[in-house]
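Accompanying notes for the structure given below.
The values are calculated or read from the model by the stated rules, or taken from the named source; none is laboratory data. Nothing here was measured: the structure is a model prediction, and the numbers come from that model. Cβ: placed from backbone, ideal geometry, glycine included. Neighbour counts: every protein chain shown.
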Amino acid sequence: MSSDDAAYRKSVRNMSLVLAAIVITVFAGLFIPPYLFPSHDVFVGSTSSYSPYGLALHLQMNTTSVAEGGTLQLSGWLNNTSSSPESITTANNWGVPKSSLWGPQCSPTWPVGLGVMQGHYTQDNYTQGVLLQAPTISYGCPNPEFAPSSLTFEPFSSKVIFVVGGTPGTWNLLTELTVSPGTFGPMSPGVYTAVFADEFGDVLTAIFQVT
């Protein structure tokens with residue numbers, strides 16, 4: 001084999017290695033990060049999921065980036081996805097500590113709640129996070145509220161009908177929370193996880209940042 005042939009073969013081999021490296025790099029950039037290294041700087045303002053009970057959970061934020069000392073509005077709601085009423089036995093089976101979730105004051109049996117965790121958590125690992133303690137206000141509340149044994153969701157609605165002690169009542173399970181410097185104490189810059197949960201064990205998460 002002449003020196004020219006050897007040089008040519010070496011050049012082809014080197015080019016093949018370079019092309020292979022480029023292909024591997026492109027493949028890794030397209031397919032590996034979403035699974036192994038999820039991006040922490042891509043935020044979505046609203047998210048939804050479905051429960052085995054025929055209900056849908058929705059979590060919405062008015063912004064995904066708030067300045068330190070700013071205000072963030074969280075909205076969560078649970079609604080029936082069926083065209084007919086859906087009656088569900090109450091469960092008290094929370095996927096996260098209910099005591100750290102926020103719901104309407106004076107309604108301790110409210111079946112959904114909102115919360116915030118410091119850090120980046122998803123549906124797969126939220127159990128590793130710790131909820132910031134939600135504010136509580138107990139003064140000015142009437143007599144203790146008793147939990148209904150079941151909730152009947154109206155068709156395609158967040159409105160539920162229940163009976164406690166023979167007395168009917170209604171709730172609209174749209175829950176809102178304003179996150180401000182005084183809500184959970186000072187929130188330093190970083191990534192946070194908004195959490196919406198119901199008493200049936202369903203948990204929904206969304207990510208926002210404090211800059």
Item to check | Selection status of residue 123, of a type outside the set (Asp, Glu), under 22 Å from residue 206 (Cβ atoms) and modelled with pLDDT under 95 | outcome: yes
Item to check | When residues of segment 182-211 are limited to those that are surrounded by fewer than 16 Cβ atoms within 10 Å (Cβ to Cβ) and more than 17 Å from residue 119 (Cα to Cα), the one modelled with the lowest pLDDT | outcome: 182
Checklist entry - Hey, among the residues in segment 78-115 that are in contact with a Ser or Thr (Cβ under 7 Å, 6 or more places away or on another chain) and over 20 Å from residue 149 (Cα atoms), which one's surrounded by the fewest Cβ atoms within 10 Å (Cβ to Cβ)? => result 114
Checklist entry - From the list 113, 201, which residue is out of contact with any strand residue (DSSP E or B) (no Cβ under 7 Å at 6 or more places or on another chain), in contact (Cβ under 8 Å) with a residue 12 or more places away in the chain and closer than 22 Å to residue 48 by Cβ? => result 201
